[in-house]
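*Asks:* The structure's right below; bear with me while I get my questions together.
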There are 2 protein chains.
Amino acid sequence: MGKSATKDSDVARSTITAPKLAAKWRKLAEARCAAANERLTPARLAAYAELLASKRPVSAYELIALMEDRQQRKIAPLTVYRHLDFLTRVGLVHRLESTHSYLPCDHPEHAHESQYLLCSSCGHADEVESKPLESILNKIADQRGFQPENTVVEIKGLCASCATSDSD
Amino acid sequence: MGKSATKDSDVARSTITAPKLAAKWRKLAEARCAAANERLTPARLAAYAELLASKRPVSAYELIALMEDRQQRKIAPLTVYRHLDFLTRVGLVHRLESTHSYLPCDHPEHAHESQYLLCSSCGHADEVESKPLESILNKIADQRGFQPENTVVEIKGLCASCATSDSD
DNA sequence: TGGCGAACGTTATAACATATCATTTGAACC
DNA sequence: GGTTCAAATGATATGTTATAACGTTCGCCA
């Protein structure tokens, strides 16, 4: 099968659909991939666009469902895990360890650790960039001769609006 | 079967075996349970003893295997998850989010957040207690009106001894 | 244009976690 | 001692998250 000029796989590739992706994000993705010497394929871009289109962090299997819905075909878990792995590797996406979910980085201009406030009520994830926090984490590691590669900071609780509406 | 004075279940309960548990840890467990108004059952204590006997963090399924080996009977995942849930709840055990594993708290004298240095080479988990870190985390939450309930800090990398032996 | 490594697809399975419902336990009270 | 009731446990099934193994396709570049 698929020996004609237009192969099956070409069709599959050419028909990858994705949410509309603002030029800003596409350019960012291209820049990051160029910097990391990685390929930005349509499938990878589609996964990224899907995460950007979501209001909240999504699990890998939610992402599979979203992409299957949009593209009207089966997508294997491993495929999506590879996209997520790639997007995480180049710094476009962060993984939330405590909820097993993924979301686009809010401050992707530069590489940085993942630090979040996670609301257990509404599910909102608020990315934090705190120099003092980073420096204290580095200091803790340093004092113990520990070489940090990657640090997870996830503060779970109630966000301002949920806390207000709960406690009235 | 089992209608005699000594029921099967009695036998099962009475035959729960566990690693030797230093009096220090047993008393701590009793104190914590009393404080939390929770029951310290033989099965819960056995799970705790097994974690204490392990040199490294263990996954839930590793713990199942350890307990099955020691007790020579099948143990359902849910059973062990309930023990882990209990031990975590009363503060005797911490869960490592980034490795899906569990380990006894090193500083169980008082309740506190879980903060670890995790070596990706040897698997060692080094518990940290840093007041400055806690105060920064609280400040970050505070500035945003966020009410923290539980915070995860996991610094992944190479511990001092692995870093040394790797980089020679 | 042919060779090569990265990316992708497919199938299967491993690893982690919870739902449901029946049964047992143990402490409190009479 | 017996009754009662919530907590703990057991058994079975299932849901969720993640990876292994292996072959094919893609896209670059010599």
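*Asks:* Restricting the first residue to region A:74-90 and requiring it to be part of a loop (DSSP other than H, G, I, E, B), which pairs with a second residue that is of a type in the set (Lys, Arg) meet a Cβ separation below 9 Å and a spacing of at least six or different chains?
*Replies:* These pairs meet every condition: A:90/A:32.
*Asks:* Sticking with this one: Residue A:139 versus (1) modelled with pLDDT under 95; (2) among the charged types (D, E, K, R); (3) part of a helix (DSSP H, G or I): which is the lone unmet condition?
*Replies:* (1)
*Asks:* Of the residues B:55, B:24, which single one is closer than 21 Å to residue B:109 by Cα, assigned to a helix (DSSP H, G or I), more than 13 Å from DNA strand D (Cβ to nearest atom) and open to solvent by 50 Å² or more (accessible area, probe 1.4 Å)?
*Replies:* Criteria check complete, one pass: B:24.
*Asks:* Only one of (1) more than 8 Å from chain B (Cβ to nearest Cβ); (2) modelled with pLDDT under 95 is not met by residue A:120, so which one is it?
*Replies:* (1)
*Asks:* Among (1) buried (at least 21 other Cβ atoms within 10 Å of the Cβ); (2) within 8 Å of DNA strand C (Cβ to nearest atom), which single condition is residue B:81 missing?
*Replies:* The number of the failed condition is (1).
Residues checked against (1) within 18 Å of the chain's Cα centre (by Cα); (2) open to solvent by 20 Å² or more (accessible area, probe 1.4 Å); (3) over 24 Å from residue A:33 (Cα atoms):
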site: A:93; (1), (2), (3): yes, no, no
site: A:106; (1), (2), (3): yes, yes, no
site: A:111; (1), (2), (3): yes, yes, no
site: A:132; (1), (2), (3): no, yes, yes
site: A:139; (1), (2), (3): no, yes, yes
site: A:144; (1), (2), (3): no, yes, yes
site: A:152; (1), (2), (3): yes, no, no
site: A:156; (1), (2), (3): no, yes, yes
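*Asks:* Restricting the first residue to region A:134-151 and requiring it to be more than 18 Å from residue A:112 (Cα to Cα), which pairs with a second residue that is part of a helix (DSSP H, G or I) and aliphatic (A, V, I, L, M) meet a Cβ separation below 6 Å and a spacing of at least six or different chains?
*Replies:* Pairs found: A:145/B:160.
The values are calculated or read from the model by the stated rules, or taken from the named source; none is laboratory data. In this text the structure is predicted, and so the values were computed from the model without any measurement. Here Cβ is always computed from backbone atoms with ideal geometry, including for glycine, and neighbour counts include all displayed protein chains. Note: accessible area is taken over every heavy atom of the protein model, side chains too, but ligands, DNA and RNA are not part of it. Shrake-Rupley method; radii C 1.70, N 1.55, O 1.52, S 1.80 Å.
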